[in-house]
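The values are calculated or read from the model by the stated rules, or taken from the named source; none is laboratory data. Keep in mind that what you see is a predicted model, and the values were worked out from it rather than measured. Note that each Cβ is placed from the backbone with ideal geometry, even for glycine, and that neighbours are counted across all protein chains shown. Accessible surface is based on the protein model in full, side chains and every heavy atom, while ligands, DNA and RNA are left aside. Shrake-Rupley method; radii C 1.70, N 1.55, O 1.52, S 1.80 Å.
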Amino acid sequence: NAGVTQTPKFQVLKTGQSMTLQCAQDMNHEYMSWYRQDPGMGLRLIHYSVGAGITDQGEVPNGYNVSRSTTEDFPLRLLSAAPSQTSVYFCASRRQGAGANVLTFGAGSRLTVL
Amino acid sequence: DQQVKQNSPSLSVQEGRISILNCDYTNSMFDYFLWYKKYPAEGPTFLISISSIKDKNEDGRFTVFLNKSAKHLSLHIVPSQPGDSAVYFCAASQGGSEKLVFGKGMKLTVNP
């Protein structure tokens with residue numbers, strides 16, 4: 001059972017480039033989300049989804065797009081990367097109705113924007 | 001405006017002693033609280049939680065205490081072990097909300 005899988009683990013981009021961080025889970029969880037972790041800032045919610053076809057914004061959504069076409073996958077897209085998006089990104093999932101917000105996290109994707 | 005605060009960035013304790021990690025919150029609507037542990041290069045993992053209808057929840061060496069009037073919760077680890085060395089995040093959510101709000105984290109070091 002792989003849990004939550006994030007790819008790539010590391011990525012370096014130049015300002016203005018676009019890329020997609022991939023997230024897949026094999027636990028049939030309805031809820032998926034993306035967080036970013038910055039030094040001294042803790043984890044901040046970017047976007048989340050409660051099921052296929054449904055997405056919503058979190059605390060820091062600007063500069064990021066998401067879509068949820070399947071239950072398993074929840075990619076995070078950066079359309080025009082900026083240095084301020086240098087961060088570690090975590091994808092997380094849980095069953096709806098599970099112990100409220102007991103999330104299972106992926107191992108993270110470290111993104112550097114030059 | 002930070003709604004979940006972990007004001008101490010780090011804590012160092014000796015193996016076998018008690019570790020007490022503190023967390024304060026400002027939103028009185030929060031009704032569910034969680035602690036996550038994070039090792040370097042890994043994602044956070046769920047440790048323990050507490051509902052606002054309780055004031056204590058225990059799981060082995062880990063106990064979380066909730067003081068609603070003070071908007072304060074604490075995580076006690078007894079006895080502390082070197083393997084407990086990690087960053088601990090306090091998190092909170094409001095009933096029915098899909099959003100989990102995290103504190104900045106606290107680095108715990110347990111010395112052998």
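For chain A, with a Gaussian network of springs between Cα atoms less than 10 Å apart, report the residue from A:15, A:86, A:71 with the top mean-square fluctuation.
Top of the fluctuation ranking is A:15.
Counting only Cα atoms, I'd like the Rg/Rh figure for segment A:31-73, Kirkwood definition for Rh.
Values: Rg = 10.9 Å, Rh = 10.8 Å.
Ratio of gyration radius to Kirkwood radius: 1.01.
Under the rule a/c < 1.5 gives rounded, and otherwise a/b versus b/c splits prolate from oblate, where does segment B:21-65 land using the Cα gyration tensor?
Details: a/c = 2.35, a/b = 1.43, b/c = 1.64.
It is oblate, given that a/c is not under 1.5 and a/b is not larger than b/c.
Which Cys residues of the protein assembly as shown have no other Cys beta carbon under 4.7 Å away?
none
Separation of segment A:1-37 and segment B:29-50 by C-alpha centroid, Å?
Each part reduced to its Cα centre gives a spacing of 19 Å.
In chain A, carbon and sulfur make up what percent of the accessible area (probe 1.4 Å)? List each step's numbers first, then the result.
Values: 2600 of 5120 Å².
The nonpolar share, carbon plus sulfur, comes to 51 percent.
Gain in length, residue A:15 to residue A:112, computed as 0.36 nm per residue apart minus the alpha-carbon separation, to one decimal in nm? Mind dumping the intermediate values first?
Working: separation 97, 0.36 × 97 = 34.92 nm, distance 0.97 nm.
Length difference between fully extended and current span is 33.9 nm.
How long are the three semi-axes of the equivalent ellipsoid of chain B, in whole Å, if each is the root of 5 times an eigenvalue of the C-alpha gyration tensor, listed from largest down? Walk me through the intermediate numbers first.
Numbers: eigenvalues 105, 43, 30 Å².
For chain B, the ellipsoid semi-axes come out as 23, 15, 12 Å.
With 31 Å as the limit, write out which pairs from B:37/B:71; A:9/B:37; B:68/B:104; A:9/B:71 have Cα-Cα distances beyond it, or answer none. Intermediate values should be presented prior to the final figure.
On the way: B:37/B:71 21 Å; A:9/B:37 20 Å; B:68/B:104 20 Å; A:9/B:71 37 Å.
Pairs exceeding the cut-off: A:9/B:71.
Return a whole-number percent for the relative contact order of chain B, with Cα pairs under 8 Å and 6 or more residues apart as the contact set.
37 percent
Along the positive direction of the dipole of chain B (beta-carbon charges: Lys, Arg +1; Asp, Glu -1; about the Cα centre), which of B:36, B:12, B:95 reaches farthest?
In chain B, that residue is B:12.
Note the buried accessible area between A and B here, summed over both chains, with a 1.4 Å probe, in Å² to the nearest 100.
Chains A and B together bury approximately 1600 Å².
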